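What follows is a single structure, written as structure tokens, with notes after it.
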């Protein structure tokens, strides 16, 4: 197991390096003059030149990138071009907000998805099963931004139950609507996975044995089927967290939740490249860490994976 | 996983359509997609109104009212703040959605399949490097990266397609890599190599036809995602630019009128959901017909 985790940990720095290089290439090597883009359409040639020198765009891209990596490792993440604040300080402030909303959404998604999935499996082919699966397909076929607008319209503007946007403490009403919106598509996905995993255990010998022993249906489901259905569910939760992190920016922008996704979006809107570069790196690195974590978790949960990795 | 190509390659094009037709949801979605395509092609003919025609006031029961007008027999989806017919605007926007969906997914498949075949066929450094690249690419927040690409290149139809292909290929590469790896060691590939076939011939004649089913499924299953991404890009102002029609743009315009004119946001969104659902059902139908073992 240690060897398995070790090999994953060894690759991680390489992946992070590749990631930062790709983002660097995206922002500074793609056709288009970053100094001109940052200065804006109507800036004078002197302003553009000043930015070019100030940001070091006049140097060779490879030198620029290596300097960037060195600076980042030393904790020098640069200053926001928009606010002139230290990017690292900004990120320290906004990133926890994103972690918070992602985790709350993941918990909501697991609770909703697993319970709907189990319910659908237990009552399979009934109207409950069919309507739950229809809702799950629907939830996966909606653009997230549109779902956010609809829920905002319904719960905030029409019913007035929840604030339409903004943020507060963890246990405030502000987090409910954005986290729920983020959780809906993933709970739809989890419900389908859970249902399939539960149905797979239905035919297993231990379930037949449990039934023939005369165990109550509730015990069969909770003690024998669900524990064995957990494996595929766990493997999906990692993927799911990564997906939530990809969608979180949309939610943060629409609900004005001051997290990393909104920070990245605002940086992009203002062509604030240092802030954008840092936030993209952190967002993608977070996904890599989540992937690593879910690989390890999966390895811990399933001895067969460990054996394969060691072979 | 596919265990070789027996059976899959034998399914002719016509019999695929016949089998699809037998599945109710796939048949309905096929009809719906054909209808959508016709709407997209013939939007100028079908649209009940000119999508740019402005109507700044209307007399109702002797009273003068201003737009946005609610849905009525005259304007099925209501009008926007300038009195333009939303139904007609949506019909025009469907064309953009379909074009983007097909072109983006087509581009993604070309890039993704080529890289996947190369990585799967040439294990070692090439495969490792390609797969690590997909790991990293899949970790990116795709929508923001796509926004950054269009922002830098200047948002337009072609840069939206470039941006979405750029963020879309890693999934397909992963799929094709796995499939190729499985087939590379199969008896008929070994036999072909023993008979002196070169690499290109082996890939083109023996590997590609045997992984055609999952590729076709992936093509169709990826179209709705591309359509939703375009809508998202356009919604946030980094995609299609006016006056070109886009469902994302209409929803974005409607956002400011959500409380007074909810139809402005809701109908274009429902249209988007209907398009996405149709492609999803078609994709599921294709899985049943072409690649039942993957279920």
Taking residue A:133, is it at pLDDT below 90 and part of a helix (DSSP H, G or I)? yes
All but one of (1) touching a helix residue (DSSP H, G or I) at 6+ places or on another chain (Cβ under 6 Å); (2) facing chain A (nearest Cβ under 10 Å); (3) touching a residue at least 12 places away in the same chain (Cβ under 8 Å) hold for residue B:141, so report the exception by its number. (3)
Going through segment A:83-123 in order, the residues found to be farther than 19 Å from residue A:249 by Cα, touching a helix residue (DSSP H, G or I) at 6+ places or on another chain (Cβ under 7 Å) and in a helix (DSSP H, G or I) are A:110, A:112, A:113, A:114, A:116, A:117, A:118, A:119, A:120, A:121, A:122
Is it true that some residue in segment B:229-240 is touching a helix residue (DSSP H, G or I) at 6+ places or on another chain (Cβ under 6 Å), outside any helix (DSSP H, G or I) and within 14 Å of chain A (Cβ to nearest Cβ)? yes
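Residue by residue, here is whether (1) surrounded by fewer than 16 Cβ atoms within 10 Å (Cβ to Cβ); (2) more than 22 Å from residue A:111 (Cα to Cα); (3) touching a helix residue (DSSP H, G or I) at 6+ places or on another chain (Cβ under 8 Å) holds:
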{"position": "A:126", "(1), (2), (3)": "yes, no, no"}
{"position": "A:142", "(1), (2), (3)": "no, no, yes"}
{"position": "A:158", "(1), (2), (3)": "yes, yes, no"}
{"position": "A:210", "(1), (2), (3)": "no, yes, yes"}
{"position": "A:220", "(1), (2), (3)": "no, no, yes"}
Kindly establish whether residue B:175 is away from every other protein chain (no Cβ under 14 Å), buried (at least 17 other Cβ atoms within 10 Å of the Cβ) and touching a residue at least 40 places away in the same chain (Cβ under 8 Å). yes
Residues within segment A:230-257 that are away from chain B (no Cβ under 12 Å) and closer than 23 Å to residue A:72 by Cβ, tallied: 0
Can you find, within segment B:147-166, the residue that is surrounded by the most Cβ atoms within 10 Å (Cβ to Cβ) among those that are in contact (Cβ under 8 Å) with a residue 60 or more places away in the chain, within 13 Å of another protein chain (Cβ to nearest Cβ) and part of a helix (DSSP H, G or I)? B:163
Yes/no for residue B:131 being closer than 30 Å to residue A:260 by Cα, in contact (Cβ under 8 Å) with a residue 40 or more places away in the chain, within 14 Å of chain A (Cβ to nearest Cβ) and buried (at least 22 other Cβ atoms within 10 Å of the Cβ): no
Which one is modelled with the lowest pLDDT among residues in segment B:12-50 that are surrounded by 16 or more Cβ atoms within 10 Å (Cβ to Cβ) and not in a helix (DSSP H, G or I)? B:23
Of the conditions (1) within 8 Å of another protein chain (Cβ to nearest Cβ); (2) at pLDDT 90 or above; (3) within 26 Å of residue A:13 (Cβ to Cβ), residue A:282 clears all except one; give me its number. (1)
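The values are calculated or read from the model by the stated rules, or taken from the named source; none is laboratory data. This one's a predicted model, so the numbers in the text were calculated from it and none came from an experiment. Cβ: placed from backbone, ideal geometry, glycine included. Neighbour counts: every protein chain shown.
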